[in-house]
1. From the list 68, 16, which one is in a helix (DSSP H, G or I) and modelled with pLDDT of 85 or more?
2. What about residue 40, is it modelled with pLDDT of 90 or more and within 54 Å of the chain's Cα centre (by Cα)?
3. Please pick out the residue among 71, 98, 102, 90 that is surrounded by 10 or more Cβ atoms within 10 Å (Cβ to Cβ) and either within 30 Å of the chain's Cα centre (by Cα) or among the hydroxyl-bearing types (Ser, Thr, Tyr) (or both).
Amino acid sequence: MKKIIGVLGVMAFVGLTGCATHDFVRTQVDPLAERVGKLEAQASQLSAMADANKAAIAQVNDKAQQALDAANKAADDAKSAKAGVEEAKAAALRAENAAKEAEQSAKESQQMVKKTEKIFKLEQKK
């Protein structure tokens, strides 16, 4: 008898618990499906934002490269200008030295002229 009561108890337990109905499953799954849908939409938006950020970063990188190229060109131009200034200074120094030499030569010429005049005058007196 105890066995029969045990078997009936197990059958009653299984009969009462039963399977889930479609409505029960739907009420449990629908909120989850809605949440998953929202999360998918957010993920899609984040992906679009990430793509936009990548494009913006690429543009910034391009502009930075252009600025770097311009800075390098300016540095090269400055080096060339500095070299030009150095060459101009050297040329000015050479011109100044040449002018001093010409002045010295002119003084020597004047002295020679004076000597020649003296010699000429001495020769005239003889």
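1. Of 68, 16, the one residue that is in a helix (DSSP H, G or I) and modelled with pLDDT of 85 or more is 68.
2. Spelling it out, residue 40 is indeed modelled with pLDDT of 90 or more and within 54 Å of the chain's Cα centre (by Cα).
3. Residue meeting the stated conditions: 71.
The values are calculated or read from the model by the stated rules, or taken from the named source; none is laboratory data. Note that the coordinates shown come from a computational prediction; the quantities given were computed from them, not determined experimentally. So basically every Cβ, Gly included, is an ideal-geometry build from the backbone, and we count neighbours across all protein chains shown.
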